[in-house]
Amino acid sequence: MRTDQTSKSSIYVIFCWCFAACGGLMFGYDIGISGGVTAMNDFLVKFFPRVYERKMHAKENNYCKFDDQLLQLFTSSLYLAAVVASFGASKCCSKFGRRLTILLASIFFLIGAALSASAQSLWMLIFGRIFLGFGVGFGNESVPLFLSEVAPVKRRGSVNIMFQLFITIGILIANLVNYGTSFLHPHGWRVSLGVAALPAVLLFVGSFVIPETPTSLVQRGHESKGREALKKIRGVEEVNEEFEEIKEACEKAERAKGSFWEMAKKRSNWPPLVIGVMLQVFQQFTGINSIMFYAPVLFQTVGMKSGASLYSSVITGAFNVLATLLAIFAVDKAGRRFLLLAACVIMFISQVTIGGLLLGYLKEANTLTVGMGIVVVVLVCMFVIAFAWSWGPMGWLIPSETFPLEMRTEGYACAVSTNMVCTFIIAQAFLSMLCRMRAFIFFFFAAWILLMALFVFFLLPETKNVPIDAMVDRVWKLHPVWAKFMDDDDEAARKTAAAVEQV
Ligand code: BGC
């Protein structure tokens, strides 16, 4: 057992927490900023004049006024770049360490923010988004890993959710910045896109001050540096016990290590892989990012004015932050399954009711009454609150605690890239789907929510309070479905025993 007395918080650890804030903030800011910017007329006139024209004739077709592949590419290109980057990032993380990967993330971000804020053409804008995407890919792979490796063992769960908390704070800040800059004509959108450089500068400076993680140093053969780093992080001289555990885990991982495909072929690795990947697919197909990216656009679709729609996004953003705080306290008490299932019920009701209301009251060429608009905002808030205490944080937490160490970085990279692929799909397709499916798009998401509730009910085991290294015995081997996949470890043990007997 790793002692927790050795893990007294030092100033250094607090700095690392703030540092985590910057990684999450950067990602969140990017998620939240694009929706508001694409709702600004100055931005549309400069880069998407066709969309602007259509918006001005909104009365002719409510659901289709923002349907434009290039406009969606503005949002989605970032996530496509992040998918590509996350594979490079996982290699960089294990070969050169977490610190360098984080430094690279901040540099990509700075270039991306500069290019997009000063964009003169659509392509310059898209290039900016691609650099930001590289930043997200590198940052999302390395920052949570860095956090888990420097966090005291008992706080690993809440530290992980802190990352999600700062994502939501980043989204809220972006919503507020958009609200403020919407009054600055004609360059408010440049300010919105440029402010992304602030957390990137902090991250850049921070990456020179933070240590490399002890695990990464030991894994790359720098044992004494690893010990020194651990002392610095824990703020004490006596770290023997914890250091020996890190060494042991690294040696074990080294022995079990093969290529990703070799490890993926091992049947006992399938349960965490299936769960890690499916949680990300489901997280995105709740429809959350149709709201995070396009809330202002969505609220304009139901007839709100530009200002009111940005204002309403600030409200949903604030609920997102508050409900994530709830998750930090509830996750180790109520458990993962309960939070996920309870959220499915609320999200299902919200999506079906929004769909029903729009089907009944929002035709092609009218607007909803103010009262009905408020009901839609309330339903969207209900949906966001339920997501924020469940699928948001759990989508990242569960994959981080269920992979065995020998495939943790690769398994996590799989989860991150699945998330980015699905985020890309939603970002690129949502406005077109809204145009073609109209109110039925909400029933589409509701159907996914039903499916994911069944998945959780039958296939997701409870991992609350289970030590990471005891997952096989205490979780997988006891699960009615996944236990069947655990036989290759037993098989290996049988073979070893037989060989020993023969000798
Ligand atoms: C998701 C993002 C989403 C955010 C909302 C994150 O966990 O990965 O796609 O926008 O939560 O708070």
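The values are calculated or read from the model by the stated rules, or taken from the named source; none is laboratory data. Just so we're clear, the structure is a prediction, and the values are computed from it rather than from any experiment. Cβ placement follows ideal geometry from the backbone for every residue including glycine, while neighbour counts extend to all protein chains displayed. Note: areas computed on protein heavy atoms with side chains; ligands, DNA, RNA excluded. Shrake-Rupley method; radii C 1.70, N 1.55, O 1.52, S 1.80 Å.
At a threshold of 8 angstrom on Cα-Cα distance, excluding pairs fewer than six apart, so keeping six or more, what relative contact order does the chain reach in percent?
On the way: 771 pairs, mean separation 120.4, N = 503.
For the chain, the relative contact order is 24 percent.
Could you work out the local net charge near SER432, counting Lys and Arg as +1, Asp and Glu as -1, over the other residues with Cβ closer than 15 Å to its Cβ? Please report the intermediate quantities before stating the final value.
On the way: positive: ARG50, ARG54, LYS65, ARG436, ARG438; negative: ASP67, ASP68.
That sum, taken over residues with Cβ under 15 Å, equals +3.
Determine the gain in length on full extension of the stretch GLU223-ILE11; use 0.36 nm per residue of separation and subtract their C-alpha separation, reporting nm with one decimal.
Numbers: separation 212, 0.36 × 212 = 76.32 nm, distance 2.39 nm.
Fully extending the segment from GLU223 to ILE11 adds 73.9 nm.
Between GLU238 and PHE444, what is the label-to-label distance in nm when each label sits 7 Å out along the Cα-to-Cβ direction?
In this crude label model, GLU238 to PHE444 measures out at 6.1 nm.
Just by accessible area at a 1.4 angstrom probe, what is the order of ILE107, ILE102 from largest to smallest?
Numbers: ILE107 65, ILE102 0 Å².
Final ranking, largest accessible area leading: ILE107, ILE102.
Between GLU248 and LYS333, what length comes free when the chain is fully extended (0.36 nm per residue of separation minus the Cα-Cα distance, one decimal in nm)? Each step should come with its number before you reach the end.
On the way: separation 85, 0.36 × 85 = 30.60 nm, distance 3.04 nm.
Contour length minus Cα-Cα distance gives 27.6 nm.
Taking 2.2 N^0.38 Å as the expected size of a compact globular protein, what ratio does the Cα radius of gyration of region 24-469 give against it, to two decimals?
Details: Rg = 22.0 Å, N = 446, 2.2 N^0.38 = 22.3 Å.
Taking the Cα Rg and dividing by 2.2 N^0.38 Å, one obtains 0.98.
Taking the chain as a whole, which cysteines find no other cysteine Cβ under 4.7 angstrom from their Cβ?
Lacking a cysteine Cβ partner under 4.7 Å: CYS16, CYS18, CYS22, CYS92, CYS93, CYS250, CYS344, CYS381, CYS414, CYS422.
Rank by packing, highest mean first: peptides 471-479, 117-125, with packing defined as the count of other Cβ atoms within 10 Å averaged across residues. Show your work: numbers first, answer last.
Numbers: 471-479: 16.4, 117-125: 14.9.
Going by the mean number of other Cβ atoms within 10 Å, highest first, we get 471-479, 117-125.
Suppose a student asked you for the relative contact order of region 180-254, using Cα pairs under 8 Å spaced at least 6 residues apart; what percent would you report? Could you put the intermediate results ahead of the total?
On the way: 38 pairs, mean separation 15.6, N = 75.
Value for region 180-254: 21 percent.
Would you tally the net charge around LEU460, using a Cβ to Cβ cut-off of less than 12 Å, leaving LEU460 out, and scoring K and R as +1, D and E as -1?
Details: positive: ARG336, ARG337, LYS464; negative: GLU462.
That sum, taken over residues with Cβ under 12 Å, equals +2.
Among the lysines, select those whose C-alpha is under 28 Å from the C-alpha of LYS464, and discard any that sit fewer than 8 residues away in the same chain.
The qualifying lysines are LYS8, LYS154, LYS247, LYS252, LYS257, LYS265, LYS266, LYS333, LYS477, LYS484.
To the nearest 0.05, how large is the calculated FRET efficiency for ARG267 and ALA308 if R₀ is 51 Å and r is the Cβ-Cβ distance? Could the numbers behind the result be given before it?
Values: r = 54 Å, r/R0 = 1.06.
Rounded to the nearest 0.05, the efficiency is 0.40.
Once phi is turned into ³J(HN,Hα) by the Karplus curve 6.51 cos²θ - 1.76 cosθ + 1.60 with θ = phi - 60°, what whole-Hz value does each residue of region 88-104 show in order, with x for glycine and proline?
These are the phi-based 3J(HN,Hα) values: x, 5, 5, 5, 4, 4, 7, 7, 10, x, 5, 5, 5, 4, 5, 4, 4 Hz.
P(r) for region 47-119, please, calculated from all Cα pair distances in 5 Å bins and given in %.
3, 13, 16, 16, 13, 11, 9, 7, 6, 4, 1, 0
Calculate the spin-label point distance for HIS185 paired with LYS91, positioning each point 7 Å from the Cα along the beta-carbon direction, and give it in nanometres.
Result for the modelled spin labels: 5.0 nm.
So between LYS484 and SER432, what do we pick up on full extension, going 0.36 nm a residue minus the alpha carbon distance?
Numbers: separation 52, 0.36 × 52 = 18.72 nm, distance 4.25 nm.
Result for the pair: 14.5 nm of gain on full extension.
Quick one: which of 156-166, 356-366, 217-227 comes out on top by average Cβ neighbours within 10 Å, and what's the full order, highest first? Walk me through the numbers before you get to the answer.
Values: 156-166: 21.9, 356-366: 14.5, 217-227: 17.6.
Final packing ranking: 156-166, 217-227, 356-366.
Using the basic label-point model (7 angstrom from Cα toward the beta carbon), what is the GLN120 to ASN41 distance in nanometres?
2.7 nm
Go through 373-385, 256-268 and give me the packing order, highest mean Cβ count within 10 Å leading.
On the way: 373-385: 19.8, 256-268: 13.8.
Top of the packing list down: 373-385, 256-268.
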